[in-house]
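Contents: one structure, followed by commentary.
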Amino acid sequence: MIAAIVEGQGEQLAKHSTLERAVQQQGIRMRGASAGGVLVLLDADDDCPAELGPKLLAWAVAARSDTPVRVVVASREYESWFLAGAASLAGRFGFSEGLEPPKDPDHLPRNAKKWLEEQRDWRPYKETADQLTFSSALDVGLTRSLSDSFDKLCRDVAWLLGSSPRC
């Protein structure tokens, strides 16, 4: 079992007391689970994921040292992973057949949502309607190959489940 803590705007979880409280609550949910742990997932926005992630992981582990915890910080925003996996969305959900990912999607300026909207022919991007659909359609191997932060997500989920990442 993985108890997830997801924050679209990383500003709240980046506060020590907020993260500590969320990890403690999810750790309670994990009691009795034979495998798994707590996964904290948030957007880096303008922060450096390589600096923010270890800091938040240290706070999370200190808050719940009896529970496996991993922190994944999406480079810029969750939607950046859709850019990395754009080819797997091609020809679906209003995207053209020839949709290709932008170069180096993890290091683009913010606003992956705008890029997604510009690539679609019939409707704007809406997080509540599109995130699950697009996430379900992503080619995990392709997305991992183009996004270091998505690769970290795969490795950390595998670690929490006690398995090797498969793609």
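The values are calculated or read from the model by the stated rules, or taken from the named source; none is laboratory data. In this text the structure is predicted, and so the values were computed from the model without any measurement. Don't worry about glycine lacking a Cβ; one is built from the backbone with ideal geometry, like all the others, and counts go over all protein chains shown. In case anyone asks, the SASA skips ligands and DNA or RNA and just uses the protein heavy atoms, side chains included. Shrake-Rupley method; radii C 1.70, N 1.55, O 1.52, S 1.80 Å.
Some points to look at:
- Where a residue in region 61-76 is at positive phi and its partner, wherever it lies, is open to solvent by 50 Å² or more (accessible area, probe 1.4 Å), with Cβ under 6 Å and at least six apart: 76/110
- Selected residue [closer than 30 Å to residue 27 by Cα and touching a residue at least 40 places away in the same chain (Cβ under 8 Å)] from 88, 163, 136, 147: 147
- Residue match in region 92-107 (condition: farther than 21 Å from residue 43 by Cα, under 18 Å from the mean Cα position of the chain (by Cα) and hydroxyl-bearing (Ser, Thr, Tyr)): no
- Restricting region 1-41 to residues that are among the polar types (S, T, N, Q) and more than 18 Å from residue 58 (Cα to Cα), the residue that is least open to solvent (accessible area, probe 1.4 Å): 9
- Residue within region 129-139 that is in contact with a Cys (Cβ under 9 Å, 6 or more places away or on another chain) and at pLDDT 95 or above present: yes
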